[in-house]
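Report on the following structure.
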Ligand code: ADP
């Protein structure tokens, strides 16, 4: 067991017991890290009470004060980066280098939105008919429910908390049951940074569906920000409909990675390593399908296969490991099943392809070639370290395959010709495109998807507006 952890829920500034407790396990060893509170009906209701009671005062706090709290949270998170990163590794399984990168990224949301908190602008103009003035201001939406997944337990929490607090909303954070400790540690950082009682509450229900439904049916909850699967997002959109709760949704992806005939293959392989292997492939932005032009396919597959084959698999806390454990055995078995299905359909294993014997949810870096275009793995979000490669004969074919999905989060394109790349970027049906890059995420840029990958944007100038309502006042002078 790890000492000095926050393991109780946070309600109205107090760390409280809940209705039960449950162990959080290290997925690399199965060892219990801590017993953590499990929230029931009364706790979830108390969290809404607390957020509601704190709402008016927080909305009225000077923006500069909110900004400075967020800035202190940024500094505290960076000062405590190594301990927080180790905690992420313990409960999530990812390697320390990935956890540290996540921590830096997560802290940056506090810095970015500290800067945005004091720049919420409005609008004042004459109506076209000249009969009145149009004054537009922005006000906080109100109590916001923030639901996060286990893959980036710190960054997904700060990406929601930071704009919510900057906008003047109070919050109830519900982390994934697999990774509650990081969320509680971040709430502790915010508390030490000076967030008033009730502005940030954290609950950890395990009877998730009914208890989130309970909160979404409380008329005081006005906003839902969710990151997770499209399947759960769809349920939550329905749940939110009854009280017409405003929603922003970051849902699943099925990112295509296009290597065009003129691509710099070495650069494409480096980009593929990041796009596929960042966070062990457990990212909604992870490259999920590789469409490679026939002219460069042999070279790409050989080099990519060799690089993936060299990835060292081992416990996340061992600095020699390059790929850690997956978050759980069911996740590992799902990935294993997808690989077996593709091989059964005729795919060739170029690297990895088999779960190692022994304890822990490990799966090796895997490359599959000759994957039939109809294989199930190309239509499923793998969420693990597996790269299926399909050879294509033209840009048009690559774009057609890339767009043949209900998802539209991100696409990757490699080409030496920027005009060709930009043209294809326009044709790709996704909210984000990485052009000759393996990663796009940046707190200063709008992150989000189209089609069934989501509604709304996080980060950038858009992010704070997920937590603001426009108010229009009409008057004559
Ligand atoms: P993942 O596949 O990444 O685990 P999920 O969509 O299952 O994605 O989970 C993301 C978040 O949604 C987690 O916090 C999880 O507890 C929560 N969740 C899962 N099912 C529901 C539900 N029916 N209602 C509300 N939240 C849910």
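Data table
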quantity: Those residues of region 201-247 which are closer than 14 Å to residue 47 by Cα, more than 10 Å from the ligand (Cβ to nearest atom), in contact with a helix residue (DSSP H, G or I) (Cβ under 7 Å, 6 or more places away or on another chain) and outside any helix (DSSP H, G or I), in sequence order; calculated: 201, 202, 203, 218, 220, 221
quantity: Test result for residue 128, without any contact (Cβ under 8 Å) to a residue 24 or more places away in the chain, farther than 27 Å from residue 197 by Cβ and over 22 Å from the mean Cα position of the chain (by Cα); calculated: yes
quantity: Matching entry among 163, 180 (being away from the ligand (no atom under 14 Å from the Cβ) and crowded, with 24+ Cβ neighbours inside 10 Å); calculated: 163
quantity: Qualifying positions in region 35-47 - part of a strand (DSSP E or B) and more than 24 Å from the chain's Cα centre (by Cα); calculated: 35
quantity: Any chance residue 149 is within 16 Å of the ligand (Cβ to nearest atom) and either touching a residue at least 60 places away in the same chain (Cβ under 8 Å) or over 25 Å from residue 442 (Cβ atoms) (or both); calculated: yes
quantity: Those residues of region 107-125 which are closer than 11 Å to residue 464 by Cα and free of Cβ contacts under 8 Å to residues at least 12 places away in the same chain, in sequence order; calculated: 119
quantity: Lone unmet requirement of (1) part of a strand (DSSP E or B); (2) more than 12 Å from the ligand (Cβ to nearest atom) for residue 173; calculated: (2)
quantity: Unmet criterion (only one of (1) part of a helix (DSSP H, G or I); (2) in contact with a strand residue (DSSP E or B) (Cβ under 7 Å, 6 or more places away or on another chain); (3) in contact (Cβ under 8 Å) with a residue 60 or more places away in the chain) for residue 157; calculated: (3)
quantity: Number of the condition not met by residue 197 [criteria: (1) more than 11 Å from the ligand (Cβ to nearest atom); (2) farther than 15 Å from residue 151 by Cβ; (3) in contact with a strand residue (DSSP E or B) (Cβ under 7 Å, 6 or more places away or on another chain)]; calculated: (3)
quantity: Region 183-194, residues that are in contact with a strand residue (DSSP E or B) (Cβ under 7 Å, 6 or more places away or on another chain) and away from the ligand (no atom under 16 Å from the Cβ); calculated: 190
quantity: Test: residue in region 12-28 that is in a helix (DSSP H, G or I), buried (at least 16 other Cβ atoms within 10 Å of the Cβ) and modelled with pLDDT of 95 or more; calculated: no
quantity: Residue in region 262-276 that is within 11 Å of the ligand (Cβ to nearest atom) and part of a loop (DSSP other than H, G, I, E, B) present; calculated: no
quantity: Residue in region 55-65 that is in contact with a strand residue (DSSP E or B) (Cβ under 7 Å, 6 or more places away or on another chain), over 30 Å from residue 279 (Cα atoms) and surrounded by fewer than 19 Cβ atoms within 10 Å (Cβ to Cβ) present; calculated: yes
quantity: Wholly enclosed strands (runs of 3 or more DSSP E) of region 400-475 bearing at least 1 residues at pLDDT 95 or above and loosely packed, with under 15 Cβ neighbours inside 10 Å; calculated: 468-475
quantity: Residue ID - nearest to the chain's Cα centre (by Cα), chosen from residues in region 335-351 that are closer than 20 Å to residue 313 by Cα and in contact (Cβ under 8 Å) with a residue 40 or more places away in the chain; calculated: 335
quantity: Selection within region 189-200 - assigned to a loop (DSSP other than H, G, I, E, B) and either free of Cβ contacts under 8 Å to residues at least 40 places away in the same chain or loosely packed, with under 15 Cβ neighbours inside 10 Å (or both); calculated: 194
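The values are calculated or read from the model by the stated rules, or taken from the named source; none is laboratory data. Predicted model only: the values in this text are computed from it and were never measured. Positions of Cβ are backbone-derived with ideal geometry, glycine not excepted, and every protein chain shown enters the neighbour counts.
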